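Below: the structure, in C-alpha cells.
The values are calculated or read from the model by the stated rules, or taken from the named source; none is laboratory data. From a predicted model like this one, the values you see are computed outputs, not experimental measurements. Note: ideal-geometry Cβ built from the backbone for every residue, glycine included; neighbour counts use all protein chains shown.
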Amino acid sequence: PNFAQESKALKFSGKSLKGYQWITGISVYIHSSEGKSIQELANDVLSSLQAHMNLKGLALTDIILVHLYMKSMADFAVINSVYMTAFDLCPPARVCVEAPLTEDLLFQMDCLAQKDDKMISGASCSQKQVMHVQSISHWAPANIGPYSQCIQVEDTLYCSGQIALVPCTMQLTSGGIKKEALMSLNHVERVLKAMNLKAELHHVLMANCYITDSKYISVAEAVWQRKLKELTKTKEEDINNDMPAIHGELIVVVVPFLPRAASIEWHVIAVVDQQQQRQKLTQMRSLENCQIRCDAMQSYPTCATVVTISLTLTSSSASTINLDVVLHGLVEMFKQVVEKMSKYGDITPLSFRTFFRTNIVKREPLKTGLQGHLEEQMGQKAPALIMVPVVDLPGNKIIHIACWLSQ
C-alpha cells in the first residue's frame with residue numbers, strides 16, 4: 001500500500017507556567033497517493049513534528065515523554081530506526097504498544113515537551129535529569145531501544161514503559177502472568193529509586209497498565225494493590241502517621257500486543273512530594289444507561305495533577321446512550337474538577353488520553369464530540385486530545401480517560 005502522513009492534524013495543548021506542552025496528532029495514514037516507504041513516511045512525520053515545534057520555539061530535545069501506538073509491531077523495527085536518528089542524544093522516555101488503530105492508520109505518536117523560558121542567572125529553573133542505561137546489569141533492564149529509562153524534571157519522574165525482562169539476560173521472564181506482573185512492577189520501583197533515592201511506588205501519581213488479555217485485569221490490579229499495601233506497612237512502621245497515604249490512579253487497558261511479546265507493561269509518572277498533603281476529589285454522575293466517574297489527585301507542593309474519567313454502561317447495550325449528551329456531561333465534569341483543583345495553583349490541562357473500547361464506541365463520533373466539547377467549554381485551556389482504541393477495559397467501562405495537568 002501507499003502511505004501518507006497528515007501533519008495538519010498536529011495539535012498543541014496550552015503551555016503551562018513551567019513550559020510544559022503536549023503535542024498530539026503525529027500520525028501516518030495509509031492512502032493511495034504518494035508511493036513512499038514506511039521509512040520515508042516516518043521520516044516525514046518526524047521532520048514535520050520538528051518544524052512545527054521550531055515554530056513554537058521548541059526542539060526535539062525538549063521532548064521528555066513519547067507514547068507510540070503501532071497498528072502492528074511488525075513495522076516497529078523500521079519506524080524505530082528512523083526514530084533513533086531523530087532522538088539520538090538523551091532520548092525521551094517512551095511507551096510503545098500495539099493498538100487496534102483504524103484500518104488507514106499505521107502509527108500514531110504523542111509527546112510531552114518542556115522548555116522553561118525563565119532563566120535564573122543563565123540556568124534554566126527546572127533542571128532535567130536523564131537516566132539512560134545501555135549496558136546489561138543486575139539491578140534493572142537496559143534500554144531495548146532509543147529511549148531513556150526515566151527523565152526527571154524538578155520533582156516529577158517520567159518513566160518509560162517497563163516489561164518483565166530479566167536484567168542479566170534481557171530475556172522475558174517465563175513463569176506466567178503473575179511473575180511478569182510482579183517483575184515488571186519491581187523494575188518500575190528500581191528505576192524510580194535509581195533516579196531519585198526518595199522515590200517509591202506510592203509517589204506514582206498516574207499509572208497506566210497495558211495487558212494483552214482480559215483475563216489479566218484482576219492480576220494487574222491485585223499486584224498493584226499488594227505492592228502499595230506492603231509499602232504502606234513498612235512506612236507505618238517508620239513513622240506513625242495518622243493520615244492515610246493517597247495513592248495514584250491506575251488505569252488498566254487491554255491491547256493486542258506488547259514489545260517482546262510481553263503480557264503486561266507498566267507506565268508511570270511519579271512525583272516526589274509530601275504525600276500526606278495530596279488533594280483528592282471524586283465526582284460521580286448518573287445519566288441514562290451509564291455512569292460517569294471522575295477522580296482527581298493533586299500532588300503537594302508541585303501541583304502536578306492527574307484526572308481520570310470513566311464511562312461505565314449500566315444497561316446491556318451501548319446503543320441506548322446518547323453519546324453527545326454523555327460527552328457534554330463528561331467534559332463539563334472535567335472542567336468543574338479542573339477549576340476546583342486550580343485554586344491551589346495555576347494548572348494547565350495538557351493531555352486528555354482517551355482509551356475507548358473499539359468494538360463498542362466508534363472513533364470518529366467520539367473524537368469529534370470530545371474535541372468539540374473541549375474547545376467549546378475550555379477554549380484556549382483545552383488539553384491535547386489523544387484517541388487510543390483498546391480491545392477491552394475492566395468491568396463495564398467503555399471509555400477511560402487519563403489527563404495530566406501541570407503548573
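Structure above, values below:
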quantity: Matching residues in segment 68-91 - criterion: being under 13 Å from residue 148 (Cα atoms) and modelled with pLDDT of 95 or more; calculated: none
quantity: Sole residue being under 23 Å from residue 130 (Cα atoms), in contact with a helix residue (DSSP H, G or I) (Cβ under 6 Å, 6 or more places away or on another chain) and at pLDDT 95 or above, chosen from 219, 204, 268; calculated: 268
quantity: Residues that are modelled with pLDDT under 95, buried (at least 16 other Cβ atoms within 10 Å of the Cβ) and assigned to a strand (DSSP E or B), drawn from segment 154-171; calculated: 165
quantity: Some residue of segment 357-380 being crowded, with 22+ Cβ neighbours inside 10 Å and either polar (S, T, N, Q) or out of contact with any strand residue (DSSP E or B) (no Cβ under 8 Å at 6 or more places or on another chain) (or both); calculated: no
quantity: Filtered residue count, segment 35-59, keeping only those that are under 23 Å from the mean Cα position of the chain (by Cα), buried (at least 18 other Cβ atoms within 10 Å of the Cβ) and not in a loop (DSSP other than H, G, I, E, B); calculated: 5
quantity: All positions within segment 292-347 that are farther than 27 Å from residue 275 by Cα and either touching a Cys at 6+ places or on another chain (Cβ under 7 Å) or of a type in the set (Ser, Thr, Tyr) (or both); calculated: 311, 312, 313, 314, 315, 316, 317, 319, 320, 321, 326
quantity: Residue check for residue 179: among the basic types (Lys, Arg), at negative phi, touching a Ser or Thr at 6+ places or on another chain (Cβ under 9 Å) and without any contact (Cβ under 8 Å) to a residue 24 or more places away in the chain; calculated: yes
quantity: Any hit, segment 310-333, residues being part of a strand (DSSP E or B), under 19 Å from the mean Cα position of the chain (by Cα) and under 25 Å from residue 359 (Cβ atoms); calculated: yes
quantity: Test: residue in segment 355-378 that is among the polar types (S, T, N, Q), outside any helix (DSSP H, G or I) and touching a Gly at 6+ places or on another chain (Cβ under 8 Å); calculated: no
quantity: Considering residues of segment 390-407 that are of a type in the set (A, V, I, L, M, F, W, C) and not in a strand (DSSP E or B) only, the residue farthest from residue 378 (Cα to Cα); calculated: 391
